[in-house]
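The block underneath contains the structure these notes are about, expressed in C-alpha cells.
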Amino acid sequence: MLPETKALDELGKLKRDYRDFIKTNYEHRAQNCAICPVQGACCLDAHFVNVHITRLEAAAIRKTLGKLSAEKQKEIYRRAQEAVEKYDLKTTGDTFARTFACPLFETGVGCLVHSESKPAACISHACYENKADLPPEFFQAEIENKIERLNKRVYRRNALTWLPLPVWLSLISSTTKEI
Ligand code: SF4
Ligand code: SF4
C-alpha cells in the first residue's frame, strides 16, 4: 500500500516524464495550439471527448483546482456534475462509449490542469496532419498501466478504476465524503 500523498508525487513525475517525451519526440510535428482558430474544439467536442481517468488522477486534479478560488472550484465541480447528467455518464457498463464536453476547459484560459495534472490521453493528443506522425498508442497504454498500478496501491479495495473524467470529478468533489 502507498499513501495518497506519496502516490501523487510519483504520479506527477510519471506525467512530467511522459509530457517531456511526447514534447521532444512528437509535438513539434503537431499543429500549434496557440494559433489554433478553433482553440478548445478538441476538449469541448461532445461527440469526440471520452477522456477517462483514475481516482488518483482525480485526486491530482483536485489538488490543482484547490489553488483556484473557492467560487471557481465550485463552478468547475458544478460543471462536472452537469456533464455527468447531460451526457448520462456512468460508473458501470461501457463507459468509453459515451462522450462529453470536458468541464476542465475554461474559455480564455484553456485546460485548467494543463501544467500539473493533465490526463495521459490529453498529453498524447494533438492535431497532426499526417497520421504517421502521431505518437503510437502503446506509449499511452504503457503510462496508463503504470498509473493504474499506482492507483491500485493506494485504493486497493476500491473496484472503480478508469471512469469518465466528469464522473471522477463529481465523486471526489468536496461534498463527497466516501466513494
Ligand atoms: S489540439 Fe487541435 S483543436 Fe485543440 S487547440 Fe490544439 S490545434 Fe486546436
Ligand atoms: S483535461 Fe484538459 S486537455 Fe483534457 S479534455 Fe479536459 S480540458 Fe482538454
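All of the numbers you see were taken from the coordinates with simple rules; none came from a lab. Everything numeric here is computed off the predicted structure, so don't read it as measured data. Here the Cβ positions follow ideal geometry from the backbone for every residue, glycine too, while neighbour counts run over all protein chains shown.
The mean of 1/r over all pairs of different alpha-carbon atoms in region 67-136, once inverted, gives a Kirkwood hydrodynamic radius of 14.4 Å.
Distant-in-sequence amide contacts of L104, defined by a placed amide H-H separation under 5 Å and a gap of 5 or more residues or a different chain, comprise nothing. The convex hull around the C-alpha trace of region 55-179, projected and averaged over every direction, spans 8.8 square nanometres. For every helix of n ≥ 4 consecutive DSSP H residues, a contribution of -39,500 (n - 2.57) applies; sum these over the chain, divide by its total residues, and give [θ] at 222 nm rounded to the nearest 500 deg cm²/dmol. Value at 222 nm, helices only, nearest 500: -14500 deg cm²/dmol. Equivalent ellipsoid of region 1-113: semi-axes from √(5λ) of the C-alpha gyration tensor, largest first, are 22, 22, 16 Å.
Count neighbours as other Cβ atoms within 10 Å of each site's Cβ, and list the GluC sites (Glu not before Pro) in region 60-135 that are DSSP loop with at most 15 such neighbours. Taking region 60-135 and a limit of 15 other Cβ atoms within 10 Å, the loop GluC sites (Glu not before Pro) found are E116, E129.
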